[in-house]
Amino acid sequence: MIGRIHSVETCGTVDGPGIRYILFTQGCPLRCKYCHNPDTWKMNDGREEDTNTLIQDIRKYKSFMTCSGGGLTISGGEPLLQPDFVKDMFIKCKEEGIHTCLDTSGFVSIEKADPVLDYTDLVLLDIKSYNPTVFKDLTGVPLDPTLAFAKHLKERNIPVWIRYVYVPGLTDDKKDIEDLAQFLTTLPNVQRVDLLPFHKMGEFKWEQLGYEYSLFDTEQPSKSEVEEVKEIFKKYNLPIYA
Ligand code: SF4
């Protein structure tokens, strides 16, 4: 099965548990203002790879994955733009006893996602804001499909790690954060909430690609700001990590 990928990282440690082989797929329907991988957006960029070739490469790292409780993470871009490819990759991993993790925006067709979820051990789900207006302004797409996907993962009882990027002046409204925390308390399958402070590491890519970066003047949040937001999630007894 052929898929279109952006790149691979062989020993990732931040996209799921343990040491992971990270496969970044090409193509994304969102246009997040803080995206640090804008070079994954266009479906026609990147390169084609075959799942047979990829699984051969992944096998080389199996001992690191097994010892560390890691596995394969498919990230993007948006992996679920290529559901057949991701499913085939995950089936191959399950045959090898390798843990599978899907990193998604949740802006997906549940019907197309379901066959992939049959072989998914963990979902990393980005909820970029709980405020529909802010979400649309930030990503260019509506919030509802992501929330519907989150509820669907609950119904299927698939373990989820939530990711939320705190951006001063954009996703920092305390009521919106409280609303998000409250929503997360309704999802017992959420094992962890990652609070990711905004950073500017991808800024140079926007310049290289000739895209206009609107967060040029936005500062990275201070430690005390991050602590304050952490406290909100703690208040709701959520397993928050920052
Ligand atoms: S969903 Fe991810 S890859 Fe797509 S635009 Fe947003 S941050 Fe970038």
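The values are calculated or read from the model by the stated rules, or taken from the named source; none is laboratory data. Small disclaimer: the values here were computed from a predicted structure and weren't measured. Here the Cβ is made from the backbone with ideal geometry for all residues, glycine too, and neighbour counts use every protein chain on show. The accessibility values were calculated without ligands, DNA or RNA, using every heavy atom of the protein model including side chains. Shrake-Rupley method; radii C 1.70, N 1.55, O 1.52, S 1.80 Å.
What to note about this one:
- The lysines whose alpha-carbon is closer than 22 Å to the alpha-carbon of K234, local same-chain residues fewer than 8 away aside, are K128, K151, K154, K174, K175, K223.
- Whole-number accessible area per residue in Å² for region 67-207, which is evaluated in the context of all protein chains at 1.4 Å: 39
- Around the amide H of S7, modelled in the peptide plane, lie the amide H atoms of F24, all under 5 Å away and 5 or more residues distant in sequence or on another chain.
- Taking all Cα-Cα distances within region 1-51, those exceeding 17 Å account for 44%.
- Extension gain, H36 to T53: 0.36 nm times the residue separation minus the Cα-Cα distance gives 3.4 nm.
- Rel. contact order, % - alpha carbon contacts under 8 angstrom, at least six apart, region 117-180: 47
- The accessible area of S224, taken with all protein chains in place and a 1.4 Å probe, comes to roughly 80 Å².
- Those residues of region 151-169 whose amide nitrogen sits under 18 Å from the label point placed on H199, 7 Å along Cα→Cβ: 163-168
- Stretched out straight at 0.36 nm per residue, the stretch from E95 to E207 would grow longer than its current Cα-Cα span by 36.1 nm.
- For I240, residues with placed amide H under 5 Å, excluding near neighbours: V193
- Taking every DSSP beta bridge that has both ends in the chain, the antiparallel portion is near 25%.
- In the chain, helices alone account for a calculated mean residue ellipticity at 222 nm of -11000 deg cm²/dmol, with every DSSP H run of four or more residues adding -39,500 (n - 2.57).
- A Cα-only calculation for region 127-199 places Rg and Dmax at 12.0, 35 Å.
- Rough spin-label spacing in nm, given labels placed 7 Å along Cα→Cβ, for D114 and L147: 2.3
- Computed with the Debye formula from one identical point scatterer per Cα of region 51-156, without solvent, the log10 of I(q)/I(0) at q = 0.16, 0.17, 0.21 Å⁻¹ comes to -0.72, -0.79, -1.06.
- Average projection area in nm² (convex hull over Cα atoms of the chain, one quarter of hull surface): 12.4
- Amide hydrogen proximity for H99: with H placed 1.01 Å from N in the peptide plane, the residues at 5 or more positions away or on another chain lying under 5 Å are L72.
- When Y236, Y166 are compared by accessible area at a 1.4 angstrom probe, the order from most to least is Y236, Y166.
- Nearest 10 degrees, 0 to 90: helix 223-235 Cα axis against the chain principal axis: 80
- For the chain, the longest principal axis of the alpha carbon atoms and the long axis of helix 174-184 meet at an angle near 40°.
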